[in-house]
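Shown next, in C-alpha cells, is the structure this report addresses.
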Amino acid sequence: MQRKCIKAILLKKLNHALIYSQISFMFEPMPKIIFIFLYVSCLSLLTQAQNLGCFTQLSAKQIENLRNFQQKLSLGQVELGKKSTQFVPIKIHIIGNSKGIGYYSISNLMTALCEINERFLPVGFHFYLAQTVNYINDDALNLGDLNAIYDRALYYKMAGAVNVFFHDGGNQWCGVYIGGIDVVFIKNSCQATLATTFAHELGHFFGLPHTFYGWEGGQTPSNIEKIDGSNCRTAGDGFCDTKADYVSQRWNCPLFWNLIDPNGVVFKPDSSLYMNYASDNCHSRFSQEQILTMQNDMLQRGIAKTSASTALLAAPNKVFPAPSDSGIISTNIPFTWRSVPGAFAYQLQVARFGDWNYVNHNQLYSDTFAQVNLFGNWPYAWRVKAISSGNTCSSFGSADTFFTREIPAGLAPISLLAEPKVFPNPVKSGQTLYLQNLKAGKVNIYDAKGVLKWGQSFEGNLSFEVPYWPAGIYIIKWELPNHSYFQRLLLSEN
Ligand SMILES: [Zn+2]
C-alpha cells in the first residue's frame, strides 16, 4: 500500500506525463507544446517546494475500513444529513534544526489553524489546540527524514489528539502521513496563507486516499476508473462522487493535457478536490462521500469533544513598554499586557521600525508577560493578540512604538540636558531644519519603514533644507561617541 512521491522518481513521473501528453495530442501532433509542457513541469517541480508531492501510507486496517465503509455507501447503509459539530483536539509540534533554526512562524500557524477550521466547516470538524506548541530541535526530523519519523514521532506524539509536525528542511515531500504511527508532517514552505497541504494531509489522517489512488509514483493500475462511473467503487479511490483522476504529479488547473479513459472518453480531472495533486489555488472541497468517510473515521477514533472554546477574542490592553518610551534598555525587556478572559495564549510581535514583514520577535505565551532581548538604539513597535484554543483568527491590537538604548559599561545614564534639539518640528518639505546642541557624531534620518533617507557626520550644529519627501513620521537617529538618541520628526503636508 506504499505510495511514494519522492524526488528520485521525478524523471519517471515526467516520462509518465509525457506518455499521457502524447496520447492527448494524437489528434493534433504538436511536439512544440509537449516541449513547453515538459519545460514548465521541470521548472515547477524542481524549483518550488509547493510542487512537491506527499508521502502517504494508509495502514492495511485503514484501507480495510475504507473499503467496508464504501460498501455501506453503495448499499445505502450510511446515515446522511447534518451531524453536530465535532471539536477535535490538535497538538502542534514545531521542529527546527539542532540549533533551533527553521521554526514554522507563529503567524503562519495562526493563519493555518484559522483556515483549516474554515475548510473543515462542511465536514463538521472544528479543531482546537489541545496543548501549547511543542518545540523540537532535531536535524533529521527537521529534514522530514522518514527513518527519524518512524523512530521518534511516537515519542513526541500526544495521545488522543491529531498530531501535526511542521518542519523546515528536506526536498522530498510537502506532506507526510503515516498510518502506522498516525502523525502528519508538513514542510513549512508548503503551508503559507491559502495553501491546502494541511487540509490534504488531514484528509489522509481521517482515512482518505488520493483521488488518483493506484497511479502514485507513475504507476498504472490494472483496473482504471472509467468516466461513466461503472467501476467507481472498485477502481481509483473507491468514491463514486470523485471524478476519475490519473495524475500523480502536481498540475495547474485546468489540466494542460487530456486524459482518456478505457472507453476512449477524453476528459480532464476535477481540480477542486483537496485530495488530488492540482495546485493549491484550485482546491476548495471534499466530496460528500469523502466527508462521510472522515466523519466515520472520527467516530471510530473517539477523540472529539462536544464543545470547545471558540470565542473570537479582543486584543489585550498593553501595559509595558509605554507608548513612545525612549528609555528602554535593550536586554530582558519585560513586555506586559492585561489578561483577556478565555484566552488560551497570547501572540506577541515586536518589529524594528514597526515593519511587520520582518518581525524581530513573534511567539505565543500562555502568560501575560514575556522577556525579550532586542538590539540597542533602535525604534521598535509591538503588538499583541489573544487567541482562544479553538479560534486563532483574532486580530492584533494597535501597535505602540518605543525606543531601545544601551548603557555601555562604566558610563552613567544619559543626561537629558545633553539631548540634541530639532526645530521646527513638525516641519514641511523645503523648510530649513535646525539640529542643535551637538558636539560630534553622525545623524541619520529614516522613514517609518526604516529606509535611510539622509545621513551626515557633524561637529557642532547643523541645518539643512528638507527634501520633498512624503508627509508622515520620520525617525532621527543621533549617533554620539557613547550613545545614541532617537527623535521623531513629523513632516506635514505642504
Ligand atoms: Zn497526499
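Since every read-out is calculated from the coordinates, none of them should be taken as a lab result. Since this is a predicted model, take the numbers as computed values, not measurements. Glycine gets a Cβ as well: all are built from the backbone with ideal geometry, and neighbour counts include every protein chain shown.
Please list 84-97, 308-321, 376-389, 155-168 highest first by mean number of surrounding beta-carbon atoms within 10 Å per residue.
Those peptides, ordered most packed to least, come out 376-389, 84-97, 155-168, 308-321.
Could you derive backbone 3J(HN,Hα) for region 223-234 from the dihedral phi with the Karplus parameters 6.51, -1.76 and 1.60 (θ = phi - 60°), listing whole Hz in sequence and x where the residue is Gly or Pro?
9, 8, 5, 8, 6, 7, x, 5, 10, 5, 7, 9
Out of residues 5 or more away from residue 136 or on other chains, whose amide H comes under 5 Å of its own, with H placed 1.01 Å from N in the peptide plane?
Distant-sequence amide H within range of residue 136: 94, 95, 96.
Report the relative contact order of region 111-228, percent, no decimals, based on alpha-carbon pairs under 8 angstrom and at least 6 residues apart.
Values: 108 pairs, mean separation 24.8, N = 118.
Relative contact order for region 111-228 comes out at 21 percent.
Can you find, among 230, 240, 133, the residue farthest towards the positive end of the dipole of the chain? Put +1 on the C-beta of Lys and Arg, -1 on that of Asp and Glu.
133
With the cut-off at 36 Å, report for the chain the share of all Cα pairs above it, as a whole percent.
For the chain, the fraction of Cα-Cα distances above 36 Å is 46 percent.
Return the Cα extents of region 318-405 along principal axes one, two and three, sorted largest first, each rounded to a whole Å.
39, 23, 18
Ignoring everything except DSSP H segments at least 4 long, calculate the 222 nm mean residue ellipticity for the chain; use -39,500 (n - 2.57) per segment, divide by total residues, nearest 500.
-6500 deg cm²/dmol
Tell me the angle of helix 10-24 to the major Cα principal axis of the chain, expressed in degrees between 0 and 90 and rounded to the nearest ten.
Approximately 60 degrees, to the nearest 10.
Given the pairs 439/477; 157/187; 187/226; 421/442; 83/268; 61/226, which are separated by over 25 angstrom at their Cα positions? Mind dumping the intermediate values first?
Numbers: 439/477 15 Å; 157/187 18 Å; 187/226 34 Å; 421/442 14 Å; 83/268 33 Å; 61/226 27 Å.
Too far apart for the 25 Å limit: 187/226; 83/268; 61/226.
Would you please give the residues with an amide H less than 5 Å from that of residue 236, counting only those at least 5 places away or on a separate chain, with H modeled from the backbone geometry?
Hits under the 5 Å cutoff: 225.
Which whole-Hz ³J(HN,Hα) couplings does region 456-467 yield from phi under the Karplus relation 6.51 cos²θ - 1.76 cosθ + 1.60, θ = phi - 60°, glycine and proline marked x?
After applying 6.51 cos²θ - 1.76 cosθ + 1.60, I find 7, 7, 9, 8, x, 7, 10, 8, 7, 7, 5, x Hz.
Suppose we take every Cα in region 7-301 and form the convex hull; what volume per residue is that in Å³?
Values: hull volume 36.6 nm³, N = 295.
Measuring per residue, one finds 124 Å³ for the Cα hull of region 7-301.
Out of residues 5 or more away from residue 328 or on other chains, whose amide H comes under 5 Å of its own, with H placed 1.01 Å from N in the peptide plane?
403, 405
Quick one: what are the phi-derived ³J(HN,Hα) couplings along region 392-403, Karplus 6.51/-1.76/1.60 with θ = phi - 60°, whole Hz, x for glycine and proline?
In residue order, the calculated couplings are 9, 8, 5, 9, 6, x, 5, 8, 10, 9, 8, 10 Hz.
Excluding same-chain residues fewer than 8 positions from residue 318, which aspartates and glutamates have a Cα within less than 16 Å of its Cα?
367, 400
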